[in-house]
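The structure appears right after this line, and notes come after that.
The values are calculated or read from the model by the stated rules, or taken from the named source; none is laboratory data. Here the structure is a predicted model, which is why all the values come from computation and not from measurement. Glycine gets a Cβ as well: all are built from the backbone with ideal geometry, and neighbour counts include every protein chain shown. Accessible surface areas use protein heavy atoms only, side chains included; no ligands, DNA or RNA. Shrake-Rupley method; radii C 1.70, N 1.55, O 1.52, S 1.80 Å.
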Amino acid sequence: MQKNGYRIQFTSSRIRDLMYRTTFDPKKMDGDVILNLSLIDKKDLDDVLGIFKMVISSGLSVTPYVKVISEGESIGNLTIDKGKVGIGTVCSITIDGVLLKAGIPVNPKLGGVVQIRNGSPVRFTDVLTYVSTTVDPLEVLMSQGITSVSEMLRTGSGKVLANLREAPMVARDAIESSLSDLLDAGFSGILEVGEPNTRVLDVPIERDHLGIVVIGGTNPMAVVQEYGIPIDTSAMSRLISFKEMSRIDDLV
């Protein structure tokens, strides 16, 4: 399928490519991770970092690590314009890359909005499957203004960004081992691991599989947007060495 001479790439295909290229080793805390990258006005940096710290401290992010790119600096083929600052978080698809490297045939299925009630996830309220869209579902859903992450932080109830992947139930022990290694490395974004052959947050799972729900790495960006601060986010933007990232506590 082509458009204006360019081949259309569905998000599922792009995710597969990034998963295979992810080299992060949670035990060594080294390797390449997938980055969500946002551009903000330089004057808003302190406010945005403060919001990021609040969201990350609450556990509504994949990791406590961020990357700040100043005006004039480059990341890959992107140079940050004058008056702008780039700020990145680890994309949750990095977790899929780690599972894949551990020999687990994980299948990213969809991105969506999860309703949280009194601190507990209830169900997906809106979803977009990766095979049906050419743009990242969380980018689309965030742009619709249907999240209430800041309300969730304030009251314990709200709507946050998350995504779902499936894996064979026979790999459950290996999955739990890999997720434990990621937890030790500071990857705290695992929202729920379902039982085999059981719906996860009201979404059906393929037979003989289990579902894993992970917090979206763009939740900090969603809160910035909810606060009315201009932010331009590109999810699953590129790969970056994990060693280039800094803990948010070291920046704020």
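Dipole size of the chain about its Cα centre, with +1 on Lys/Arg Cβ and -1 on Asp/Glu Cβ: approximately 420 debye, rounded to the nearest 20.
The relative contact order of the chain, computed from alpha carbon pairs under 8 Å that lie at least 6 residues apart in sequence, is 30 percent.
Taking a sphere under 14 Å around the Cβ of V98 and counting the other residues whose Cβ falls inside, with K and R at +1 and D and E at -1, yields a net charge of -2.
So for R238, R165, R199, R123, what's the accessible-area order with a 1.4 Å probe, most first?
Working: R238 50, R165 0, R199 135, R123 95 Å².
Most to least solvent-accessible, the answer reads R199, R123, R238, R165.
For the chain, the average shadow cast by the Cα convex hull is 13.4 nm², which is a quarter of the hull's surface. Across the accessible surface of the chain, with the other protein chains kept in place and a 1.4 Å probe, carbon and sulfur atoms take up 47 percent.
Diagonalising the gyration tensor over the Cα atoms of the range 53-101 and scaling each eigenvalue by 5 before taking the square root yields semi-axes of 25, 17, 6 Å, largest first.
To the nearest 0.05, what FRET efficiency results for Q144 and T23 with a Förster distance of 22 Å applied to their C-beta separation?
On the way: r = 34 Å, r/R0 = 1.53.
FRET efficiency, Q144 to T23: 0.05.
Peptides 132-142, 92-102 ranked from most to least packed, by the mean per-residue count of other Cβ atoms within 10 Å: 92-102, 132-142.
The Cβ shell under 9 Å around V193 holds other residues with a net charge of -2, Lys and Arg each +1, Asp and Glu each -1. Accessible surface area normalised per residue over the chain is 45 Å², counting heavy atoms of protein chains with a 1.4 Å rolling probe. In the range 119-221, Rg over Rh equals 0.97, where Rg is the alpha-carbon radius of gyration and Rh the Kirkwood radius from pairwise Cα distances. Only protein heavy atoms count here; under a 1.4 Å probe, I56 has an accessible surface of about 20 Å².
Computed from the alpha carbon positions, the gyration tensor of the range 58-164 leads to an equivalent ellipsoid with semi-axes of 26, 20, 15 Å, biggest first.
Using the Cβ atoms and a cut-off under 13 Å, what net charge is assigned to the surroundings of R21, where Lys and Arg are +1 and Asp and Glu are -1? Once positives and negatives cancel, what remains is +1.
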